[in-house]
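Take a look at the structure below.
The values are calculated or read from the model by the stated rules, or taken from the named source; none is laboratory data. Everything numeric here is computed off the predicted structure, so don't read it as measured data. Heads up, the Cβs are rebuilt from the backbone with ideal geometry, glycines too, and the neighbour counts pull from every protein chain shown. Side chains are part of the model used for accessible areas, which takes the heavy atoms of the whole protein and leaves out ligands, DNA and RNA. Shrake-Rupley method; radii C 1.70, N 1.55, O 1.52, S 1.80 Å.
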Amino acid sequence: MPWTTPPASGATVHIWNGYSLAERDRRWKAVRESAAKAGLDCILVPLGNGVDGRYLTQLRCSAMVLPTDGRAPIVIADRRSSNAWVPEPWQTGREWAEPMGEALLDLGMQRARIGVLGLKGGSVTHCSSIDGVVNHTAFEYVMSKLPNATFEDATDIVGFVRYVKSDEEIAFVRQSTEVATAGVDELIQLARPGVDGAVLYADVQARLIELRSEYFPLALTIGAIGAEKPKRYLNPPLGRRLEPNAFITSEINAIRGAQLTQVCQPVLLGRIRDDWKPVIELHKEVYEAGLATMKPGASFAAVADVVSALGAKRGMKTVMQLHGCGYGDDGPLLPTRSPVDRVGDLPIAKGNAFVWKPMAMTADEKIQFTWGGPVVVNDHGCEALFKRGHGMVAIS
């Protein structure tokens with residue numbers, strides 16, 4: 001029987017939920033088919049996995065049981081939350097473990113094979129969450145309610161559905177890139193010697209929100225050009241003013257339509273030194289070669305080979321840096337969290353959207369340059385969405 005919400009408990013969290021019913025049906029169908037192919041009877045989105053919960057429900061706070069046999073899912077949501085995708089969820093307050101267990105029992109999953117999303121990091125989603133994102137206290141309670149069921153990780157089931165984006169999603173990736181680029185423009189307009197770094201950070205963040213991005217902190221790495229360990233700020237750098245020859249590497253993040261994107265544009269408050277120019281030129285070659293290689297059917301190992309070969313040819317070093325656009329923690333996350341030997345043979349596909357920002361550096365790694373932004377894979381190759389001209393912006 002449906003879970004009954006305790007009176008006056010919980011809170012309603014409203015978020016953007018503008019994707020079409022056709023998009024909902026596409027996602028649910030793809031997840032059902034993939035889970036059924038893997039021999040699963042249902043997919044469980046547990047408490048703790050808000051990212052996949054939002055992807056499948058457009059609700060900020062939800063849990064879900066999606067049977068693979070075509071029956072309607074049961075969605076558990078916080079009090080008074082509903083939308084066009086999920087008009088009648090089971091609503092709860094602070095109690096999540098019991099309704100998750102009741103939902104599985106209500107759907108007859110007592111002896112089922114249950115795929116759980118977020119038990120561990122995946123190949124292309126939850127890439128930085130190696131140990132998973134599940135609330136284990138609630139999950140242990142659910143398992144105790146179904147002692148004869150089998151629970152197994154299914155992070156990649158939904159992960160590979162998220163990996164290939166629809167036209168609706170790609171449209172918002174484009175919008176997010178435009179907003180992030182406007183944030184870069186704001187940074188370039190305001191960054192000058194003597195400017196309060198905290199005010200600069202706040203003004204850029206405010207510009208993103210003004211353009212209706214969801215909040216996501218930007219990152220500014222600030223130090224004298226050539227400094228060995230410049231400091232990276234994920235919050236306003238209180239008490240720090242920009243100095244002449246300050247080198248700012250920006251990671252400007254924006255979210256429209258739940259699609260998180262990022263652009264990276266280095267800014268120098270001074271003249272570009274001659275010893276940096278060959279590194280910047282190498283970076284442009286690497287960036288463009290990567291774009292040319294990323295096409296449907298190509299592998300990430302092939303892209304990595306192209307990147308590393310160009311650095312060796314110039315007597316310098318190059319590093320492949322790439323992560324996915326999407327609902328958050330999308331991958332593959334290269335080079336650190338998803339080593340190429342894990343996803344190297346994974347084919348690039350039409351509908352992929354990545355942040356492509358390789359790094360070029362001198363052999364001693366004292367000069368390092370990173371630049372880039374979102375790219376989308378189409379029928380013929382890879383389209384760069386970040387339209388600023390390549391290079392370092394010098395403000396003198």
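Values computed for the structure shown
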{"read-out": "Nearest-10 value in Å² for the accessible area of Asp330, using the 1.4 Å probe", "value": "10"}
{"read-out": "Label-point separation in nm, Asp106 to Lys37, each point 7 Å along Cα→Cβ", "value": "3.0"}
{"read-out": "Extension gain from Thr150 to Asp185, taking 0.36 nm per residue of separation minus the Cα-Cα distance", "value": "7.4 nm"}
{"read-out": "Those GluC sites (Glu not before Pro) in the stretch 199-261 that DSSP places in a loop and that have at most 11 other beta carbons within 10 Å", "value": "Glu228"}
{"read-out": "Nonlocal amide H pairs with Ile395, under 5 Å, H built at 1.01 Å", "value": "Leu268, Leu269, Gly270"}
{"read-out": "Given charges at Cβ of Lys, Arg, Asp, Glu: the chain dipole, positive-most of Gln368, Met316, Ile225", "value": "Ile225"}
{"read-out": "Estimated distance in nm for a label pair at His380 and Ala349, the labels positioned 7 Å out from Cα along Cα-to-Cβ", "value": "2.3"}
{"read-out": "Computed accessible area, Glu285, all protein chains, 1.4 angstrom probe, square angstrom", "value": "60"}
{"read-out": "Karplus-derived HN-Hα couplings along the stretch 93-108 (A = 6.51, B = -1.76, C = 1.60, θ = phi - 60°), whole Hz, x at Gly and Pro", "value": "x, 9, 9, 10, 4, 5, x, 5, x, 5, 5, 5, 5, 4, 8, x"}
{"read-out": "Percentage relative contact order, the chain, counting C-alpha pairs under 8 Å, at least six apart", "value": "14"}
{"read-out": "Relative contact order (percent, whole number), the stretch 283-374, Cα cutoff 8 Å, 6+ residue spacing", "value": "33"}
{"read-out": "Nearest-10 value in Å² for the accessible area of Glu178, using the 1.4 Å probe", "value": "130"}
{"read-out": "Approximate shape of the stretch 256-396 as ellipsoid semi-axes (Cα gyration tensor, √5λ), whole Å, largest first", "value": "25, 18, 13"}
{"read-out": "Degrees, to the nearest 10: 197-210 long Cα axis against longest axis of the chain", "value": "50"}
{"read-out": "Tilt relative to the chain, helix 136-145 - C-alpha long axis, 0 to 90 degrees, to 10", "value": "20"}
{"read-out": "Convex hull per residue volume in Å³, alpha carbons only, for the chain", "value": "143"}
{"read-out": "Cut-off under 5 Å, modelled amide H: who pairs with Tyr233 long-range", "value": "Leu220, Thr221, Ile222"}
{"read-out": "Residues with amide H under 5 Å from that of Glu243, placed H, sequence gap 5 or more", "value": "Gly194"}
{"read-out": "Rounded accessible area per residue of the chain, 1.4 Å, Å²", "value": "43"}
{"read-out": "Kirkwood hydrodynamic radius (C-alpha pairs) into Stokes-Einstein, the stretch 142-245, 20 °C and 1.002 mPa s, D in µm²/s", "value": "124"}
{"read-out": "Whole-percent carbon and sulfur share, accessible surface of the chain, 1.4 Å", "value": "51"}
{"read-out": "Filter on Lys120/Lys145; Lys165/Lys366; Lys229/Lys350; Lys313/Lys387 - keep pairs with C-alpha separation over 31 Å", "value": "Lys165/Lys366; Lys229/Lys350"}
{"read-out": "Ile395 paired with Ile209, simple spin-label distance in nm, labels 7 Å along Cα-to-beta-carbon", "value": "2.1"}
